[in-house]
Amino acid sequence: MALANRSIGYDEVEARDLRFNLDKDSVPRYWMNNDPWSTSFFNSILAAVPDGERWVMQCVRQSLTRLQDESVRKAGIAFIKQEHYHAREHDDMNNALIAQGVPLDVVERSFKRIRGTLERLTPPDMHLSMMAAFEHFTATFAAVFIDNPDMLDNSDKKVAAMLYWHFVEETEHKSVTFDVFQDAVGSYPQRVAGMLIASAIFLPMVEGHMLYLLYKEKQLLNWRSMLNCLKLQVGPKGLLTRLFAGHYFPYYLPSFHPWDDDNRSQIRKWKEAFNATGDTAKAYEAFLHSAGTKGAGVKAALAA
Ligand SMILES: [Fe+2]
Ligand SMILES: [Fe+2]
């Protein structure tokens, strides 16, 4: 197969078995900037994380015997370990909110139905293509937060520490599913088709689930919060604006590879602080104050 693997960063895919012990008493209901709309937007994404992680793990596991490149196979195994821990900690986060009455269980079931339907309607090779596409979304999402660490500056510190651990590890393994797809399938038209399907589903699903959560929270008519969330998503410096302006479209280039955007140096500060202290909160703080980050974040998005 036409393998585009550049093996960058494989040696950095490190599964850290960390427990954040998030529960209903430690996660504020509006953990994102104390803002209902912004929190519901993120919750609608986070609700899909545990099942999404287990699905990508399953896709990689099932393709291990098809891989010709031993380094990709090894990276795939390390990837599975990382995603296993992510799913476990996000289960805790989602359960903490469910225990407070936020209906993330309904959103999770909705996501599972959509994912199951996609699986039934498409062949296994397309599963690998969609897996690579969804992992590109998570890696680019992480890249935006890594570029702007103060995005979570006004958010709950324990949640922010957990999310930055996840962002760092998503960055470490950002080429793995792409390389698995390239090695096992290697078809450019199928890669594009997988991203088109993932894109058609991603935003409508996230926004639809967000509106459902806001309806159940009786916050749909909270105009001030809605404005905050709109700016946060699609303002001049918003999350989706940055994502689609900087990271999304290169995926369609025939020569694209996730490490075309080599942002390993940006996560090094987190890793140094974590290795020195074993403390994700200190690692996030070190990252937040490290030189070289752009530091525009939520404040800039809301001020724009
Ligand atoms: Fe993950
Ligand atoms: Fe991932």
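A few notes on this one:
- Degrees separating the helix 157-172 axis from the principal Cα axis of the chain, which is the longest one: 20
- With K and R counted +1 and D and E -1, the other residues having a Cβ less than 10 Å from that of Thr140 yield a net charge of -1.
- Full-stretch length increase - Leu230, Asp279 - with 0.36 nm per residue and alpha-carbon distance subtracted: 14.3 nm
- The length gained by stretching the chain between Thr65 and Arg264 to full extension, at 0.36 nm per residue less their Cα-Cα distance, is 68.7 nm.
- Size of electric dipole in the chain: Cβ of Lys, Arg +1 and of Asp, Glu -1, about Cα centre, debye, nearest 20: 600
- Near Phe181: Cβ cut-off under 9 Å, other residues only, Lys/Arg at +1 and Asp/Glu at -1. The net charge is -2.
- One way to sum up the overall shape of region 20-113 is the equivalent ellipsoid from its Cα gyration tensor, whose semi-axes run 31, 13, 11 Å, largest first.
- As a proxy for reagent exposure, ranking Leu67, Leu232, Leu121 by other Cβ atoms within 10 Å from fewest up yields Leu121, Leu67, Leu232.
- In a DSSP loop and with at most 10 other Cβ atoms within 10 Å, the trypsin sites (Lys or Arg not before Pro) in region 1-85 are Arg19.
- In summary, the aspartates and glutamates within cross-link reach of Lys216, defined as a Cα separation below 17 angstrom excluding same-chain residues under 8 places away, comprise Asp35, Asp105, Glu108, Glu207.
- Footprinting exposure proxy for Ile146, Ile197 (fewest neighbouring C-beta atoms within 10 Å first): Ile197, Ile146
- Within the chain, helix-based [θ] at 222 nm, where runs of 4 or more DSSP H residues each add -39,500 (n - 2.57), nearest 500: -21500 deg cm²/dmol
- Here, P(r) means the percent of Cα pairs in each 20 Å bin from 0 to the largest distance; for the chain it is 34, 61, 5.
- Charge tally in the Cβ shell below 13 Å around Lys271, where Lys, Arg are +1 and Asp, Glu are -1, Lys271 excluded: -2
- Given their separation in residues at 0.36 nm each and the Cα-Cα distance between them, Lys24 and Tyr252 gain 77.9 nm when the chain is fully extended.
- For a straight C-alpha distance cut-off of 24 angstrom, the lysines reachable from Lys74 (same-chain residues fewer than eight places away being disregarded) are Lys174, Lys271.
- Spin-label model distance (nm) - Leu118 vs Leu211, 7 Å beyond Cα toward Cβ: 2.0
Since every read-out is calculated from the coordinates, none of them should be taken as a lab result. As the structure is a prediction and not an experimental result, all values here were calculated from the model. In this analysis, Cβ positions are derived from the backbone assuming ideal geometry, glycine residues included, and neighbour counts consider all displayed protein chains.
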